[in-house]
1. Got at least one residue in the range 79-97 being open to solvent by less than 50 Å² (accessible area, probe 1.4 Å) and among the polar types (S, T, N, Q)?
2. Looking for something open to solvent by 50 Å² or more (accessible area, probe 1.4 Å), of a type outside the set (V, I, T) and either more than 23 Å from F175 (Cβ to Cβ) or outside any helix (DSSP H, G or I) (or both) - is there at least one such residue anywhere in the range 3-23?
3. Please find, among T15, T7, the residue that is among the hydroxyl-bearing types (S, T, Y), touching a His at 6+ places or on another chain (Cβ under 8 Å) and within 15 Å of T207 (Cα to Cα).
4. Going residue by residue through the range 71-82, is there one that turns out to be in a loop (DSSP other than H, G, I, E, B) and within 14 Å of the chain's Cα centre (by Cα)?
5. Could you tell me which residue of the range 111-162 is surrounded by the fewest Cβ atoms within 10 Å (Cβ to Cβ), considering only residues that are closer than 22 Å to H193 by Cβ and of a type in the set (V, I, T)?
6. Which residues, counting only those in the range 31-49, are touching a residue at least 12 places away in the same chain (Cβ under 8 Å) and outside any loop (DSSP other than H, G, I, E, B)?
7. Mind checking whether some residue in the range 163-176 is more than 24 Å from E33 (Cβ to Cβ) and crowded, with 22+ Cβ neighbours inside 10 Å?
8. Please state which of the following conditions Y65 fails to meet, knowing it meets all the rest: (1) open to solvent by less than 50 Å² (accessible area, probe 1.4 Å); (2) touching a strand residue (DSSP E or B) at 6+ places or on another chain (Cβ under 8 Å).
Amino acid sequence: MIGLAITGFSDSVYTRAVRLALIEKGLAHEYHELNPFTDEGRAALMGIHPFGRVPVLQHYAFRLYETTAILGYLDDAFDGPELFPQGAKARARVLQVISIVDAYGYWPLVRQVFSHALYRPAMGEGRDEAQITAGLAASVPVLDALEEIAEGGLVLNGRDITRADCMLAPMIDCFCAVPDGQTLLGRRPALTHWFDAVCGRESFAQTRPAVLTRKENTP
């Protein structure tokens, strides 16, 4: 055993990013589920994360939070396939994609479109059409930027799995579970090719949350 444990929430795209990396690197680990949206879960998380968020990595006595930091640590501290490509340009693109995802992509793709069109209704809450519309509009420049990067072929190429793939794939999966999101992705051939390739990986299937696998949620 290598003393690795992850505390996360299976519906979280950031938790899924870390789980994808662990599987792709072939690292044995324990997984502990905590729901940050319940009082009990948040209280438990506050004991290991100052902001009560997920995921959290524990490697023996070393504790780490923030997904980008965790992905880097898994790459640097353990053997297995590298998730950070060789070459300054390719590495810069990985970091660029991660930055785009964090700064501009997560909110419209996940918190607006996916959450309000699919996740909240699945939890018995109502849709917010204004949020969905706003998210779809805000997603366009994000997808365009990612399409340009995918066209370049250094990353998001469907061949090499990097930290950028781990971060982006869970968000695109959520976004494309909404029919309008699927339509927008389909207008970007390089990004569509990349996502089709990622969907065929075993790690992607193993980590897919239940809310995305229910038949009624398939676009």
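The values are calculated or read from the model by the stated rules, or taken from the named source; none is laboratory data. Note that this is a predicted model, so its numbers are computed, not measured. Note: ideal-geometry Cβ built from the backbone for every residue, glycine included; neighbour counts use all protein chains shown. With ligands, DNA and RNA removed, areas are computed over all heavy atoms of the protein, side chains included. Shrake-Rupley method; radii C 1.70, N 1.55, O 1.52, S 1.80 Å.
1. no
2. Within the range 3-23, not a single residue is open to solvent by 50 Å² or more (accessible area, probe 1.4 Å), of a type outside the set (V, I, T) and either more than 23 Å from F175 (Cβ to Cβ) or outside any helix (DSSP H, G or I) (or both).
3. Values: T15 fails: touching a His at 6+ places or on another chain (Cβ under 8 Å).
It is T7.
4. no
5. The extreme case among them is V140.
6. Within the range 31-49, Y31, H32, E33, G41, L45 qualify.
7. Restricting attention to the range 163-176, the residues satisfying the condition of being more than 24 Å from E33 (Cβ to Cβ) are 164, 176.
In the following step, the residues that additionally are crowded, with 22+ Cβ neighbours inside 10 Å were identified as 164, 176.
Yes, the range 163-176 contains at least one residue that is more than 24 Å from E33 (Cβ to Cβ) and crowded, with 22+ Cβ neighbours inside 10 Å.
8. Every condition holds for Y65 apart from (1).
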